[in-house]
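Structure record follows, encoded as structure tokens.
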Amino acid sequence: MKKQKFDILNLLKYAMVLVFIAYIVFLNIREGGNSTPVKTIRKAIMAVTKEDGMTKGTTQDLKKYYGLNADDYDGVMLYIPDDVMSVNEILVVKLKDKSQAESVEAAAAKRLSTQKESFEGYGAKQTKLINSAVLENKGYYVILTISKDADQIYEAFQKSI
Amino acid sequence: MLFSSIVFLFTFLPIILILYYLVPRPMKNVILLFGSLLFYAWGEPVYIFLMIFSILFNYICGLDIARNLGDQAAARRSLIFTVAVNLCILGFFKYEGFVLDSLSAVLPVDISYRAMALPIGISFYTFQILSYIIDVYRGHVKVQTNLLDFALYVTMFPQLIAGPIVQYADVDRQLHVRKESWGKFGEGSMFFIRGLAKKVLLANTIGMVYTEVAALAPGKVSVLSAWIGCISYAFQIYFDFSGYSDMAIGLGKMFGFEFLKNFDYPYISQSITEFWRRWHISLGSWFREYVYIPLGGNRVPVIKHLRNLLIVWFLTGLWHGAAWNFVAWGLYYGLILILEKYFLSRVLERLPAVIRHIYSLVLVLIGWVFFFSPTLGGAVDYIQLMFGVGANGLVDSEGLYLLTTNLLLLILLVIGSTPIVHRAYERVMAGRGKILANCVVYAAMFLLCIAYLVTETYNPFLYFRF
């Protein structure tokens, strides 16, 4: 059998394959996956917070408050404030496609700013919660949480995906 | 970044154009490359590294194949290695979930995985890279020794995200020698604005009709609504994708490049064979050049020819999406093309043109159902609705409302998808003052698009997900 030439080009070729592998491993760690269903995420989140001040949102609520159609996504978890003086809210959207992230994040940011405008000036406690809200896009998921447990909720969300 | 976004139209594009025309010739490719990487990184900051690694890997492999051309076996080994690595990368990012989900469905165990987000444009730029690698191996093109030029070929922002798939042989010379001119720039601007109008004014508007039908609860869709939904989608995808291609061709011209056309009024076709000569021409050419002909094309016994066609159409379906409905869509066309080739063409030839046209359109519309349905089962259900099975009657108030409120738009789209408008426009504009008249018409079209864009929500191109 003919002996394979092992020179600089071959070396670089195989080195690049190793770079690809390392990069994919890095992405896996950094980006997270998209195979976790919203049901599992809901369970993880509700284990670190209570439903106090919130009520489960419907697809109509999603349309009303965020302008989003639930059918466009792989799954949605929505909790909305249960009275006019509450701001507690959790939204988790599992995207079908990563290109949806921008529009969902924009819708969540718009909702956040509407809430801020509503409470700014007279609801100090509520404004503080809104200002410490978490809005993140992680791989195939977008999360918005306005709650005193926002950090724990986000941590539970991260661990679950 | 989207071509149809304010940031692209009023910040990115003007800056890149000014820099491009200000710098001396040797720097022009540097500006274009820098702009292209920025364009991609804008939406995909993480995947820009994947693209850079792909460029480096394939640049090295191209050199390796070229130096081994004297030793056929070594060159072949190097080619196979390069193609395999490229396909593995595409497979991992695009098909991992599909393969594992399919295995989970048939195996008694549930395979969990961490699926990655799909890097935008990966199907397009991987095919461009493969065209270069294969052509170097075949000796059809010279190996590119300038890393910068090779990187520009892969990343060129006008056609990076959704094609046309530019074969290396078509732009090899243009990477070094191309001529920019005011005439070409003007022509490019017209192409671009025409594409923008197709996307913003037509595709997005008719897309809302399709969305309305898709949102109807099962059991509330009449036969009429189902057909309106399907026709709306057919127009949306045509004006969306051909609009993008026009913008890409136009941008190419502004920078002195000439890309081949990607669409040629597909909905006027009188057979499915003709339809595929007119729809996504660059993808069809790619599969013909790099899969169909190497398999033997039609110069083989009938059985092998059938195999070749089915392989090509299976892969065409799979290229479009990692789901069984796309595979079914590809095979659906494969079977129709086989039938046309061996039986139907003789029958079709004897039929009046109008019947041939209806035949083609009905089959294309049914094909789109596989394309827009989220699952294969969903596609079958929708097709049943179109033919009355499980439908809420033949005509209902919702269907009539959709028809009457969108009739004018639908008529406009029918006319717009034929060459009539373009020919009439050319005839009217043939006299003196053509340039001024063009400026006025296209400026008005551009302003109208901007008026739509500033009030519109994020609306990406349909082909971005491929």
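The values are calculated or read from the model by the stated rules, or taken from the named source; none is laboratory data. These numbers come from a predicted model, not from an experiment. Note that we place each Cβ from the backbone using ideal geometry, even for glycine, and neighbour counts take in every protein chain shown.
Quick check: is even one residue across region B:64-84 under 28 Å from B:GLY252 (Cα atoms), buried (at least 20 other Cβ atoms within 10 Å of the Cβ) and within 10 Å of chain A (Cβ to nearest Cβ)? Within region B:64-84, not a single residue is under 28 Å from B:GLY252 (Cα atoms), buried (at least 20 other Cβ atoms within 10 Å of the Cβ) and within 10 Å of chain A (Cβ to nearest Cβ). Residues in region A:59-92 that are farther than 22 Å from B:PHE372 by Cα and aromatic (Phe, Trp, Tyr) were compared, and the one that is farthest from the other protein chains (Cβ to nearest Cβ) is A:TYR79. When region B:321-343 is filtered for residues that are touching a residue at least 40 places away in the same chain (Cβ under 8 Å) and hydrophobic (A, V, I, L, M, F, W, C), the ones remaining, listed by number, are B:ALA322, B:ALA323, B:TRP324, B:PHE326, B:ALA328, B:TRP329, B:ILE336, B:LEU337. Of all the residues in region A:102-135, those that are among the acidic types (Asp, Glu), loosely packed, with under 15 Cβ neighbours inside 10 Å and out of contact with any helix residue (DSSP H, G or I) (no Cβ under 7 Å at 6 or more places or on another chain) number 1.
Is there a residue being at pLDDT 90 or above and at positive phi anywhere in region B:132-145? Within region B:132-145, one or more residues are at pLDDT 90 or above and at positive phi.
Exactly one residue among B:TYR59, B:TYR21 is out of contact with any helix residue (DSSP H, G or I) (no Cβ under 6 Å at 6 or more places or on another chain), assigned to a helix (DSSP H, G or I) and in contact (Cβ under 8 Å) with a residue 24 or more places away in the chain, and that residue is B:TYR21. So which residues in region B:374-389 are touching a helix residue (DSSP H, G or I) at 6+ places or on another chain (Cβ under 7 Å) and closer than 20 Å to B:VAL362 by Cα? Selection gives B:LEU376, B:ALA379, B:TYR382, B:ILE383, B:LEU385, B:MET386, B:GLY388.
The lone criterion from (1) within 11 Å of chain A (Cβ to nearest Cβ); (2) of a type in the set (A, V, I, L, M); (3) under 22 Å from A:ARG30 (Cβ atoms) left unmet by B:ILE48 is number (1). Within region B:300-345, work out how many residues are outside any helix (DSSP H, G or I) and either crowded, with 19+ Cβ neighbours inside 10 Å or under 19 Å from the mean Cα position of the chain (by Cα) (or both). Residues that pass the stated criteria total 3.
Selection of first residues in region B:211-226 that are assigned by TED's automatic domain parsing to the domain that holds B:LEU402 and buried (at least 16 other Cβ atoms within 10 Å of the Cβ) and of second residues that are among the acidic types (Asp, Glu) and in a loop (DSSP other than H, G, I, E, B), restricted to Cβ pairs under 6 Å at least 6 apart or on distinct chains, gives the following pairs, ordered by first then second residue: B:SER222/B:ASP396.
Take the conditions (1) of a type in the set (Lys, Arg); (2) part of a helix (DSSP H, G or I); (3) more than 24 Å from B:TYR137 (Cβ to Cβ); B:ARG288 misses just one of them, which is (3).
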